[in-house]
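To start, the structure itself, in C-alpha cells.
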Amino acid sequence: QVIQCLQAKKKKKLKAQGRKSKKLAKNFLKAPDNRNNLSLWKLYAYLEWLLGNTDDSRKVFDTALSTAGTGGLKSAQLCSLSLLYAQLEVELLESTEGAAMSRAVHILTKLTENGPYVPYSGQVLPVNVLKARKMYEHALQDYLSRTLASDQDQVNGTDQLVNLVGCYALFQYLTVGIDAAVLIYTQASEKLEVSGSQKCENTGENSGILNFPTALEAVTLLHTNLLRFHMKISVYPLNPLREALTEALKRYPSNQSLWRSYIHIQRKSHSASKARRFFDSVTRSTNSLEPWLFAIQAEQMRKKLTEKVQRADVGEIHCTIPETGLTNRIVALFEHAVQSENGTHCPLLWRMYLNFMV
C-alpha cells in the first residue's frame, strides 16, 4: 500500500499509510516469536526507507544485523538482509568514484567476516576488502559445486546461491567495476543452465529442476537491474543491457520486471522496428499475456510522445510518424491479444481496449 501511494504521488495518504504500516510492523516485532525474525526486520527497514526515513532505516538494518548472529555467508537470511541494505545504499551513489569506501562495501565486507556486525564508521580497510573478495570467491565456488550436485535442500540452496551471487557481484561492482560484476553473473548463469539441462536429461522430466529456472531468472533480474543502474550514473553502451534483456525475455516471457526494463530502454531508441519485431516473435512463441500487454503499452507511450510533439506550440512541425498509423497498430494489437486463449478471459485487457477506444 505504501508503494502504491508512492507511485500515485499521494503525499497525504502516504503519511497516514506510513504511520499505520510502521505501527503494524512494530507490533509484529514486539511478539516474542518474531524478535529474531530477520525477514520481518528486513521488511520494516525497507518500509522506513520507502517512507524517506533513511537514517531510521539504517538504524533498523544495523540493529537487525547486530542481533542476527555470526552465520556470515552460510546464513541465507543474513545474506538476503545484507544484499537489500547494500542495494539501497548503492542507489544513493551519484558515481562509482570512491564507491570502494562506501557504506555498501562495509556491509558486504562485514558479511564475510563471520563476526558480530559493527555499524559503518566512515571507512573500509583495503585489507578487509581483499579478504572479503577471497571469501566470496571460495563461497561461490563451493555453493555452485555443492548445490548443483545434490538434490537435498535444493530450494534453500538455490535461494542462498542467488543472494550470494547478488552480494558478490555488487561487491565486485563497487570495488573493481561493472565488467567484474557482469562476469560473476555470467559464470553463475552458465553453471545454472548447464546443471538445469543435466538434471532434466537425468530425470526425464522438469519437476526435479523446478527451482533452477527460478534461480536463473532471479540472477538474470539482478544482472539487468545492475546494468540499468550503471547506465544511470555513468556512460555505458546500451547494447549489453538490450542483449541481456532480449535473451532473458525469450526465456521468461511472463516476467513483468524484465518487460518494464525493456520498454524503458526502448523509449530511448528512435527506431521502433526492432522492438516491434521482437514483440512479434515472443507473442508467437508463448501463451503468456504479458508480451501483448507490454507491446500495447510501448505503442501507447510512443503515441503519447508523438501527440506531445505535434501539439507543441513551436510553429510549424513536420511530423515524420503519422498518428493514425499508431492508432491502427494499437487497435490491431488489441484485436490479436483478445483473440488469444488467455487474452479472451483477461478483464484488464478488455478494460484497456475499451479505455483506448473511448
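The values are calculated or read from the model by the stated rules, or taken from the named source; none is laboratory data. Keep in mind that this is a model prediction, so the values were computed, not measured. Cβ sites come from the backbone with ideal geometry, for glycine too, and all protein chains shown count toward neighbours. Note: areas computed on protein heavy atoms with side chains; ligands, DNA, RNA excluded. Shrake-Rupley method; radii C 1.70, N 1.55, O 1.52, S 1.80 Å.
Mean-square fluctuations from a GNM of the chain, with a 10 angstrom spring cutoff on Cα atoms, peak among Ala272, Ala188, Ala45 at Ala272.
Please compute the per residue accessible area over segment 5-71 with all protein chains in place, 1.4 Å probe, rounded to a whole number of Å².
Accessible area per residue, segment 5-71: 66 Å².
Karplus-derived 3J(HN,Hα) values for segment 274-291, using 6.51 cos²θ - 1.76 cosθ + 1.60 with θ = phi - 60°, are 5, 5, 5, 5, 5, 4, 4, 5, 6, 5, 6, 9, 9, 8, 4, 8, 3, x Hz; glycine and proline are entered as x. Among the listed options [x] 65, 46, 41; [y] 63, 48, 47; [z] 65, 56, 42, the one matching Cα extents along the principal axes in Å as calculated from these coordinates is [z]. Overall, the chain carries a charge dipole of about 1520 debye about its Cα centre when +1 sits on the Cβ of Lys and Arg and -1 on the Cβ of Asp and Glu, all other atoms neutral.
Evaluating 6.51 cos²θ - 1.76 cosθ + 1.60 at θ = phi - 60° for every residue in segment 66-75, the Karplus couplings come out as 5, 8, 7, x, 10, x, x, 5, 7, 8 Hz, glycine and proline recorded as x.
Among 10-20, 168-178, what's the highest-first ranking by average C-beta atoms within 10 angstrom per residue?
Highest to lowest by the protection proxy: 168-178, 10-20.
Shape class of segment 1-64 from the alpha-carbon gyration tensor: prolate, with a/c at 1.5 or above and a/b greater than b/c.
Quick one: compute the contact order of the chain, relative version, from alpha carbon pairs under 8 angstrom and 6+ residues apart, as a percent.
On the way: 330 pairs, mean separation 31.7, N = 358.
In percent, rounded to a whole number, it is 9.
Protein heavy-atom surface of the chain, 1.4 angstrom probe: 53% of the accessible area is carbon and sulfur, with nucleic acids and ligands not counted. Exceedance of the 28 Å cut-off in Cα-Cα distance is limited, within the set Lys11/Lys304; Lys74/Lys232; Lys274/Lys304; Lys42/Lys74, to Lys74/Lys232. Rounded to the nearest 500, the 222 nm mean residue ellipticity of the chain from helices alone is -24500 deg cm²/dmol, with -39,500 (n - 2.57) taken per DSSP H run of at least 4 residues. Per-residue Karplus couplings for segment 100-115, computed as 6.51 cos²θ - 1.76 cosθ + 1.60 with θ equal to phi - 60°, are listed in order as 5, 9, 7, 4, 4, 5, 4, 4, 5, 6, 4, 4, 8, 7, 6, x Hz, Gly and Pro entered as x. Taking the chain as the reference, fit the longest principal axis to its C-alpha atoms, fit the long axis of helix 239-251 to the helix C-alpha atoms, and give the angle between the two in degrees, 0 to 90, nearest 10. Approximately 90 degrees, to the nearest ten.
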